[in-house]
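The values are calculated or read from the model by the stated rules, or taken from the named source; none is laboratory data. A quick note: this is a predicted structure, and the numbers were derived from the prediction, not measured. Heads up, the Cβs are rebuilt from the backbone with ideal geometry, glycines too, and the neighbour counts pull from every protein chain shown. Only protein heavy atoms, including side chains, enter the accessible area calculation; ligands, DNA and RNA are left aside. Shrake-Rupley method; radii C 1.70, N 1.55, O 1.52, S 1.80 Å.
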Amino acid sequence: MEPSLELPQQALISCPVGVLTKQSFRHQAALFWFAHSQVYGEAASLRSKVLWVENNLESEPREKDLTWLHQLGAPYLIGKPYYEIFDCPSHGVNVPLNIQAAVAQIIDQFHPDQMIEILDCDMFHLRKAPDYVVADDEILVDAIYEDWHLHSLGQNRDVIAKYFKHGGGFYNGGFVPIIGRAKTIKKILDAWIEIHIDIVQRDFPDKIKWWAGMFALQAACENTQVTMKGINATYIPGKNELEISHHIAHYSVDKIFDKKKQGWPFLKTTNFPGNSYYDCIRSWLESLKQVAQSPTVMEDKWKHWIAKSLLMEHTDESIVANLATKGYSENLVEGEIKKAKSDPYFRGAQDVFVRETAKLQETKIEQLKAEKNNAWLLKTYDKLSRMDESFGEIERIPVPPFKDFVSNYLSKNRPVILQGAMEDWPAYKKWSLKYFREVHGDSTVSIQDGRNSDPNYERNQKFFRKEVLFSDFIERLQQTESSNDFYMTAGNMAQHRESLPEIFADSDSVNIGDGYLAGQTEGSLWIGPRGTVTPLHFDMINNLFCQIRGSKRVRLVPSWSLPWVYNDYHVYSDVDAATPDFEQHPLFENATVYDFVVSAGEILFIPIGWWHHLESLDFSVSITRKNLALLASNSFGAGFIKDSTNFSVGKLD
């Protein structure tokens, strides 16, 4: 893109932020540009820069065809999304960070003294902005957001007060438009980003997290000693009355030009009130209609799309609205809809569709019945298990012959603690922090670091991977009494096998009992301080968990308790097994929790499907062994649904 814009520095450059993958943002940007061109004429291209980010979430595909963007005509910059440039995962509540992401990628293109205006994309100019006089240590914001959203000076002050480095005299609870010199925006930007990320990682309600950018702006200005001065610049339909001082409109909550209505923005304008705001929108919609009048014949692919939309019971209005974006007039689309509805071929297809849909609904009902029956069956298993006098207790036994272990425990999906197997293991004899430092102190290892910043640290573990010297990790362990913030876990085992060959040679030589293990060694290594926690989850494999150093508190939940553990994603439970919230997870009260301690020298057999929550009570070193000498494979993950809740809860009794 071009360098600093050639414009008097006192003249305001407007910068709305949009997302390329969202159709609604395209419409918003088009309305912004239409209004800006009406207000500023030929100078509009010098008085604006639309800031686009590529997407909101990592799961969204990137937009490849940008023809529409070039046709729009507005100056623009395309930047990367927040999760690629900040240390923050892709998540719905983190999406507003795209505002700071966009600003961070353009701010150096402006002259430091250039006046700029940061906007939400659903804002546009009603009239020319005043020639604001803004000092280097201040920004202008519309103060309406304090009473409307934030209450940061009152009931929500605690959200941001913890970040204050000063007494709280620089902020006012305002937000967009954010007007100031480029150098002033840059001054607050790092703190604005850092505090925003910290707020969304704390245990706040989602509403607070969604407004984290607004709260973070207050604290950032406070800490950089940039004064927020309130202005009355924004007309917000439904929140205030249009005044002469309003040079901007923000239609986020407009119930007439309502973004949530089907077919937006192509809504009927007959009920629009008569003011400059609605007049601008009406003129824009009329301009779109004029452009859309050119095609007189519809392509077959859109006729096909109309037929599918009608079969799916989409409204005529929504079909007209969508095809208007493809350049087709309202009259042409309505005519094609009428022809489709009267066509006997279409009516025949409609009859088949209705019949097949009814069959599908019956299938869904049968599936629901099956799921309820599954829940009943698992509940029955639970009742039968409780008939055993030792139910809820974990046996501790000497290592039995492998055949007896398979018959009495593995095949019955029954956990047990094996004792007396480790006395001759090199790992049990030699492993200590001193030994680790001596053999591999200069090696590089991968750990999880910063886990305390995210309650879902285990699911999001890839965001906390950090490479460190093994000696630095060992020193940190020695200096830490208790922490869950850093931990060497099962991830990156291939790397650790290469970087820690002596340690893995020790662990490869373990012998649980004659005939227990076969083939290539399969297993993982955990090293961490007291206080590390692995949340409730299950493994898709039968697992021998070997505690080499320290002890761990284990909470086990039987595999047949699946309907009551809130398995919300992959192998994870939404329940905190250490302190379950029965108001949030009432069904968990039906699950039995085996609560016990595994000490150094003991091996816990965790059967496939058994949910386990582990907490280190001391400095801890653990390994697992999965290569059991079974006639069949010990891996059972095929067919498990990863990306959705895997069980629908049926009634209990």
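Applying the condition of being open to solvent by 60 Å² or more (accessible area, probe 1.4 Å) and among the hydrophobic types (A, V, I, L, M, F, W, C) to region 469-512 and asking which residue is farthest from Val399 (Cα to Cα) yields Leu469.
Taking first residues from region 457-482 that are more than 12 Å from Phe436 (Cα to Cα) and among the β-branched types (Val, Ile, Thr) and partners that are open to solvent by less than 30 Å² (accessible area, probe 1.4 Å) and modelled with pLDDT of 95 or more, the Cβ contacts under 6 Å between residues at least 6 apart in sequence or on separate chains come to Thr480/Pro529.
Which of the residues spanning region 74-103 are open to solvent by 40 Å² or more (accessible area, probe 1.4 Å) and either out of contact with any helix residue (DSSP H, G or I) (no Cβ under 9 Å at 6 or more places or on another chain) or in a helix (DSSP H, G or I) (or both)?
Of everything in region 74-103, those that are open to solvent by 40 Å² or more (accessible area, probe 1.4 Å) and either out of contact with any helix residue (DSSP H, G or I) (no Cβ under 9 Å at 6 or more places or on another chain) or in a helix (DSSP H, G or I) (or both) turn out to be Glu84, Ile85.
Examine region 45-52 for a residue that is farther than 16 Å from Gly73 by Cβ and of a type in the set (Val, Ile, Thr), and state whether such a residue exists. No; the residues of region 45-52 include none that is farther than 16 Å from Gly73 by Cβ and of a type in the set (Val, Ile, Thr). Of everything in region 428-468 that is of a type outside the set (D, E, K, R), more than 16 Å from the chain's Cα centre (by Cα) and within 30 Å of Asp203 (Cβ to Cβ), the residue that is surrounded by the most Cβ atoms within 10 Å (Cβ to Cβ) is Gln448. Within region 306-323, does at least one residue satisfy the condition of being in contact with a Ser or Thr (Cβ under 6 Å, 6 or more places away or on another chain) and either within 16 Å of Met123 (Cα to Cα) or open to solvent by less than 30 Å² (accessible area, probe 1.4 Å) (or both)? Scanning region 306-323 turns up at least one residue that is in contact with a Ser or Thr (Cβ under 6 Å, 6 or more places away or on another chain) and either within 16 Å of Met123 (Cα to Cα) or open to solvent by less than 30 Å² (accessible area, probe 1.4 Å) (or both). Residues in region 405-420 that are modelled with pLDDT of 95 or more and either assigned to a loop (DSSP other than H, G, I, E, B) or among the charged types (D, E, K, R) (or both): Pro415 only. For Tyr409, indicate whether it is open to solvent by 10 Å² or more (accessible area, probe 1.4 Å), out of contact with any Cys (no Cβ under 7 Å at 6 or more places or on another chain), closer than 30 Å to Leu384 by Cα and of a type in the set (Phe, Trp, Tyr). So Tyr409 passes the test. Of all residues in region 341-359, those being of a type in the set (A, V, I, L, M) and within 37 Å of the chain's Cα centre (by Cα) number 1. Checked across region 21-40, the condition of being modelled with pLDDT of 95 or more and in a strand (DSSP E or B) holds for no residue.
Each residue in region 259-278 was checked for being more than 27 Å from Lys128 (Cα to Cα) and not in a loop (DSSP other than H, G, I, E, B), and 0 of them qualify.
I need the full set of residues from region 592-628 which are open to solvent by 20 Å² or more (accessible area, probe 1.4 Å), more than 29 Å from Leu384 (Cβ to Cβ) and within 31 Å of the chain's Cα centre (by Cα), in order please. Selection gives Glu615 alone.
Taking the conditions (1) of a type in the set (Val, Ile, Thr); (2) open to solvent by 40 Å² or more (accessible area, probe 1.4 Å); (3) without any contact (Cβ under 8 Å) to a residue 60 or more places away in the chain in turn, Ile397 satisfies each one other than (2). Looking across region 583-598, just one residue is touching a strand residue (DSSP E or B) at 6+ places or on another chain (Cβ under 8 Å) and either under 11 Å from Phe545 (Cα atoms) or without any contact (Cβ under 8 Å) to a residue 24 or more places away in the chain (or both), and that is Val598. Residues in region 582-603 that are of a type in the set (A, V, I, L, M, F, W, C) and outside any strand (DSSP E or B): Phe582, Leu587, Phe588, Ala591, Val593, Ala600. I'm checking my understanding of the structure. Among residues of region 104-117 that are touching a Leu at 6+ places or on another chain (Cβ under 7 Å) and either part of a helix (DSSP H, G or I) or among the acidic types (Asp, Glu) (or both), which one is surrounded by the fewest Cβ atoms within 10 Å (Cβ to Cβ)? For region 104-117, the residue satisfying everything is Ile107. Within region 16-37, can one find any residue that is of a type in the set (Val, Ile, Thr), open to solvent by less than 10 Å² (accessible area, probe 1.4 Å) and without any contact (Cβ under 8 Å) to a residue 60 or more places away in the chain? Among the residues of region 16-37, not one is of a type in the set (Val, Ile, Thr), open to solvent by less than 10 Å² (accessible area, probe 1.4 Å) and without any contact (Cβ under 8 Å) to a residue 60 or more places away in the chain, which makes the answer no. List every residue pair whose Cβ atoms lie under 7 Å apart, where the two residues are 6 or more positions apart in sequence or sit on different chains, the first residue falls within region 179-201 and is over 23 Å from Ala135 (Cβ atoms) and modelled with pLDDT under 95, and the second residue, located anywhere, is hydroxyl-bearing (Ser, Thr, Tyr) and part of a helix (DSSP H, G or I). That search, which allows pairs on different chains as well, returns Gln201/Ser453. Within region 412-427, the set of residues being open to solvent by 70 Å² or more (accessible area, probe 1.4 Å) and more than 16 Å from Ile548 (Cβ to Cβ) comprises Lys412, Arg414. The requirement of being on the phi < 0 side of the Ramachandran plot and touching a Gly at 6+ places or on another chain (Cβ under 7 Å) is fulfilled nowhere in region 384-397; no residue meets it.
Selection of first residues in region 549-572 that are among the basic types (Lys, Arg) and of second residues that are open to solvent by 30 Å² or more (accessible area, probe 1.4 Å) and in a loop (DSSP other than H, G, I, E, B), restricted to Cβ pairs under 8 Å at least 6 apart or on distinct chains, gives the following pairs, ordered by first then second residue: Arg549/Ser432; Arg549/Ala600; Arg549/Asp618; Arg549/Phe619; Lys552/Leu617; Arg553/Leu617; Arg555/Ala578; Arg555/Val593. Restricting Ala191, Ala216, Ala220, Ala233 to residues that are buried (at least 17 other Cβ atoms within 10 Å of the Cβ) and in contact with a Pro (Cβ under 9 Å, 6 or more places away or on another chain) narrows the list to Ala233. Residues in region 460-496 that are modelled with pLDDT under 85 and not in a helix (DSSP H, G or I): Asn460, Ala490, Gly491, Asn492.
Looking only at residues of region 343-383 that are small (Gly, Ala, Ser) and modelled with pLDDT under 80, we find that the one that is least open to solvent (accessible area, probe 1.4 Å) is Ala375.
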